[in-house]
Amino acid sequence: MTEFTDAAWLWAAKGAGAVAGSAISLAYILPRERREAAARFAVGVVCGLVFGGTAGLKIANELGIRNAIGANEIVLMGSAIASLCAWWLLGFARRALDHSAFERVFLERDPESPDRLSGRIIRRLRATERPLPAQGTQDAEKREGEGVDER
């Protein structure tokens, strides 16, 4: 039987923590559709694998337990936390950008708008637009200006 090296155990702990964190994230806030669930799971696993070691070290140092637990536990803990928080942080960043100061100043919710979002700028432009004259009156005004008699 082949024995695992320390690096293999660390990778296994990272993978287990990342999958566990992603699963908890999906269970805690249910996705709307399968595509969103797959994207959230993938983002969580990747973030858990990439940032798991660093997050685990930071948490262990902050809690003062770095010397009390082993490297596998640190990586497992960090991967689970990084995976769990990844989607929430991305969601927070998206909401922060969606509800930016620019949007609050220029856009308002409009329940009658088909896209439910219409801007104050558009309303101002509509308010300042002059209605176009009917086609027949426009031609008559043009001819009057040229001195052409309609008879």
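Just a few scattered comments:
- Residues that are small (Gly, Ala, Ser) and at pLDDT 70 or above were ranked within the range 81-112; the one that is surrounded by the most Cβ atoms within 10 Å (Cβ to Cβ) is 83.
- Subset of the range 36-49 (residues that are within 19 Å of residue 91 (Cα to Cα) and of a type in the set (A, V, I, L, M)): 37, 38, 39, 42, 43, 45, 46
- Qualifying positions in the range 57-78 - in contact (Cβ under 8 Å) with a residue 40 or more places away in the chain and among the aliphatic types (A, V, I, L, M): 71, 75, 76, 77
- Answer from 44, 52, 78 - the residue that is of a type outside the set (Ser, Thr, Tyr), surrounded by 20 or more Cβ atoms within 10 Å (Cβ to Cβ) and modelled with pLDDT of 95 or more: 78
- Considering residues of the range 1-56 that are free of Cβ contacts under 8 Å to residues at least 40 places away in the same chain and in contact with a Leu (Cβ under 7 Å, 6 or more places away or on another chain) only, the residue nearest to residue 76 (Cα to Cα): 41
- Residues considered: 10, 57, 30, 49. Of these, the only one that is assigned by TED's automatic domain parsing to the domain that holds residue 81 and part of a loop (DSSP other than H, G, I, E, B) is 30.
The values are calculated or read from the model by the stated rules, or taken from the named source; none is laboratory data. Only a predicted model underlies this, so the values are computations on that prediction, with no experimental measurement involved. No Cβ is skipped: glycine too gets one built from the backbone with ideal geometry, and neighbour counts run over all protein chains shown.
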